[in-house]
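K.L.:
Before I ask anything, let me first share the structure, which is written out below as structure tokens.
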Amino acid sequence: MIYFYNKVLLFLIPLSLLPILLHLLSFRNTKRIKFTYVNILYQILKQYHPKRKLIDIIVLTLRCLIIFLIIIFLAHPIMYINPAKLNSNKIIVLLDNSLSMQQKVLNTTKLEICKNVLSNLLKEMQKYNVSIELFVFNENIIPIQDNSSFITAELLDKIKNVKPTYFATDIYSCLSWILDKYNDFSLKILVFTDLAEHIINRDFEYEKKLNNNVEISFCYPKEVEKNRYIDSVEFLENKDFIDIKYQPVVNSKSDLSEAELVINDKLVDKKTISDYSKKSKFTYIYNNPKDKELYGYIKLSSDSLTEDNLFYFVYQKSDDYKKIICLINEPLYIKGFISKKYYFEKLKSINTQVDIKCMEDINESNFDLQDYEVIICVGLNNFDKINMEDKNKIFIIFPDEKINLENYDLAFSGLEFIEMQEANLKEYKPNLGDVSEFNKFLEKFDYQNIYFKKRFLVTIRNSDLYKTLIKYNDGYPALINKDNIYIFTFYIDKDCTNFMYKPLFVGLIEYILKYNQMSINQELKPYYIISEKINLNNIKEITPVYSLNVLDKYYGTNYDSVVFFTPGIYEIKFLNGEKNKIAINISKEESKIDIIDKAKIKKSFSKLKIFFRYFDIRKDKVETILNWLFGKDISQTIIFIIATLFILETILSRLSKRII
């Protein structure tokens with residue numbers, strides 16, 4: 001029995017008679033002509049020679065067969081083989097139970113649809129006593145079978161009892177593990193998934209050589225309902241209020257939905273999401289100064305994937321009122337944006353006090369640095385009056401073109417200040433450094449369009465002491481960090497950046513203050529993602545405040561970390577009696593449920609010689625999948641036959657012209 005994947009192309013089979021049609025149309029009405037030349041009579045006899053007529057019929061038949069076989073080849077034929085006699089291929093079945101599989105299609109989740117089709121498929125395979133390897137995958141890959149690889153009633157019960165999870169999909173790690181483990185086998189891999197666009201979200205390169213043929217089929221329900229989710233939530237704290245910004249995503253063009261903001265068990269805001277606002281950030285000002293801790297969630301209207309309609313958060317208000325002093329080596333009379341004082345005044349906010357001291361004040365030495373938590377030094381020649389060993393303070397250094405290089409080499413052992421360099425505009429540009437947290441912050445800026453006109457050429461001699469937080473495009477450091485000391489190597493003037501009113505380094509200084517405080521107090525983030533490792537120790541007890549109770553186990557702990565498996569808000573009690581709340585959310589990538597472009601999958605695995613097939617399990621029958629599993633691809637055989645017939649047709653057509 002032969003099965004065709006592209007059955008529509010079989011309607012083109014009548015085209016294989018095209019050569020006969022053209023041959024018939026080539027006949028002309030005979031005319032009686034009187035002639036005397038024997039040569040013309042010779043040509044007529046030659047044309048109707050019996051041997052030539054036979055060869056012409058054979059050539060015509062070959063041309064019809066060639067067209068017929070080309071159509072059959074394009075229809076992708078598979079010859080069905082009795083499973084009892086098929087032992088060459090190892091069959092691997094993968095079942096996706098990640099979050100997005102909980103989306104409902106006609107009141108049934110995609111996971112349940114896949115489980116039902118898989119169960120029916122295995123029941124058919126059970127008749128032939130076929131062995132398989134069955135796994136459940138999300139971020140991890142878990143075998144369902146114990147020891148036996150045969151299909152049993154117990155295995156079917158285990159499939160029925162597979163539960164959904166809140167984990168993300170990692171098809172790359174799953175396939176890599178399969179290919180490594182079974183590299184010595186010819187594989188047929190059957191993947192039951194939703195084939196959502198998040199299934200391919202990073203580059204995949206499998207460098208190892210495949211020893212045998214590998215075929216992969218994706219079985220998915222080709223129906224997608226609308227989905228809504230929260231893309232991001234941001235908090236901007238001031239002394240008397242907190243500015244909360246959140247961005248909902250609505251995939252339906254004509255859909256209207258609502259977003260509810262709940263803080264400390266109270267509904268404080270409700271907004272309607274329309275076409276106009278679906279890509280905008282909503283803002284809410286929370287102005288209750290008595291609440292030191294904010295916890296709650298943003299709730300969207302229900303849709304086909306309700307599990308991502310709640311976005312949890314916990315925010316601890318800062319009690320720190322920072323006092324910052326800027327020591328700037330420039331005269332007091334310089335004003336405006338040509339003055340360095342102009343930029344550092346941007347640091348002033350309700351939650352900070354910024355005192356700026358110029359050259360005259362520094363020379364008088366009548367101020368005390370003990371009251372300040374942050375000391376910013378701009379163009380100072382030496383640091384004799386500053387105790388850099390004080391770990392309770394943050395020191396931020398900006399060199400100037402008139403500094404004494406030897407003093408800087410002595411003050412910062414392990415660095416070498418070589419020279420001030422001046423370049424044409426836009427030659428020195430910032431680039432990502434070696435610390436991922438700073439990279440995430442820098443990527444919020446349009447940093448590729450920022451430029452510096454002057455910089456100090458600095459090299460790091462002791463990489464154990466100093467880290468490069470930001471680099472220039474040529475690899476030299478632009479921002480260097482050692483514990484609580486931060487050294488900027490670019491020169492501040494009006495040409496240093498295209499952010500005239502909010503320069504890049506002002507945002508960096510604000511982030512440094514927050515980053516340093518987090519590293520000291522181990523401050524928790526407003527929210528974490530499922531399966532993200534959270535560095536916490538001395539945990540006594542964890543209890544859910546809000547939680548979607550799908551899993552039997554909420555979390556897993558280690559001696560220095562905790563990982564959560566279910567979204568929600570949890571209260572953590574420590575051995576010293578302290579308490580903290582923590583918010584856990586699902587990965588927003590799992591909310592991108594549109595069907596992925598199949599060309600993108602093929603491109604992602606382009607380095608591997610893998611044949612892909614796709615089955616819409618809402619339409620394709622189990623028999624179709626069985627034909628793929630136990631079928632033999634005869635496309636290469638057909639290509640060989642076509643080539644042989646083409647050669648034979650060419651030889652015979654030339655031979656017919658020589659027959660007298």
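K.L.:
Take the residues of region 576-597 that are of a type in the set (D, E, K, R) and closer than 13 Å to Leu195 by Cβ: which is surrounded by the most Cβ atoms within 10 Å (Cβ to Cβ)?
P.N.:
Selected residue: Lys592.
K.L.:
Can you run down the residue pairs with Cβ atoms below 7 Å, 6 or more apart or on separate chains, where the first is in region 60-82 and in a helix (DSSP H, G or I) and the partner is of a type in the set (Gly, Ala, Ser) and at pLDDT 75 or above?
P.N.:
Cβ pairs passing all conditions: Cys64/Ser16; Ile67/Ser16; Phe68/Ser16; Ile71/Ser16.
K.L.:
Please tell me if Tyr343 is farther than 30 Å from Asn227 by Cα, modelled with pLDDT under 85 and either part of a loop (DSSP other than H, G, I, E, B) or not acidic (Asp, Glu) (or both).
P.N.:
Criteria met by Tyr343.
K.L.:
Within region 349-368, count every residue that is under 30 Å from Leu236 (Cβ atoms), modelled with pLDDT of 70 or more and not aliphatic (A, V, I, L, M).
P.N.:
Going through region 349-368 one residue at a time, the tally reaches 4.
K.L.:
Filtering region 108-135 down to residues that are aliphatic (A, V, I, L, M) and open to solvent by 10 Å² or more (accessible area, probe 1.4 Å), which residue is nearest to Asp194 (Cα to Cα)?
P.N.:
Among those that are aliphatic (A, V, I, L, M) and open to solvent by 10 Å² or more (accessible area, probe 1.4 Å), it is Ile113.
K.L.:
Shifting gears a bit: Could you list, in sequence order, all residues of region 221-242 that are farther than 19 Å from Asp308 by Cβ and either in contact with a Gly (Cβ under 6 Å, 6 or more places away or on another chain) or open to solvent by less than 20 Å² (accessible area, probe 1.4 Å) (or both)?
P.N.:
The one that is farther than 19 Å from Asp308 by Cβ and either in contact with a Gly (Cβ under 6 Å, 6 or more places away or on another chain) or open to solvent by less than 20 Å² (accessible area, probe 1.4 Å) (or both): Ile242.
K.L.:
Taking the condition of being in a helix (DSSP H, G or I) and either of a type in the set (Gly, Ala, Ser) or open to solvent by 40 Å² or more (accessible area, probe 1.4 Å) (or both), how many residues in region 161-182 meet it?
P.N.:
Number satisfying all stated conditions: 5.
K.L.:
Now for a separate question. Taking region 623-641 on its own, how many of its residues are open to solvent by 30 Å² or more (accessible area, probe 1.4 Å) and part of a helix (DSSP H, G or I)?
P.N.:
Summing the residues that are open to solvent by 30 Å² or more (accessible area, probe 1.4 Å) and part of a helix (DSSP H, G or I) in region 623-641 gives 6.
K.L.:
Across region 604-653, what is the total count of residues that are of a type outside the set (Ser, Thr, Tyr), more than 30 Å from Lys115 (Cβ to Cβ) and modelled with pLDDT under 80?
P.N.:
The number of residues fulfilling the criteria is 4.
K.L.:
Okay, next question. Before we move on, is Glu307 exposed (fewer than 14 other Cβ atoms within 10 Å of the Cβ) and at pLDDT 80 or above?
P.N.:
no
K.L.:
Go through the residues of region 505-528 one by one and say whether even a single one is part of a strand (DSSP E or B) and at pLDDT 70 or above.
P.N.:
Yes.
K.L.:
Considering only region 136-157, state which residues are open to solvent by less than 60 Å² (accessible area, probe 1.4 Å) and either among the hydrophobic types (A, V, I, L, M, F, W, C) or assigned to a helix (DSSP H, G or I) (or both).
P.N.:
Val136, Phe137, Ile141, Ile144, Ile151, Leu155, Leu156
The values are calculated or read from the model by the stated rules, or taken from the named source; none is laboratory data. Keep in mind the model is a prediction, meaning the values are calculated, not measured. Cβ coordinates were reconstructed from backbone atoms using ideal geometry, including for glycine residues, and neighbour counts include every protein chain displayed. For the accessible areas, the whole protein counts, side chains as well, though only heavy atoms, and no ligand, DNA or RNA atoms are used. Shrake-Rupley method; radii C 1.70, N 1.55, O 1.52, S 1.80 Å.
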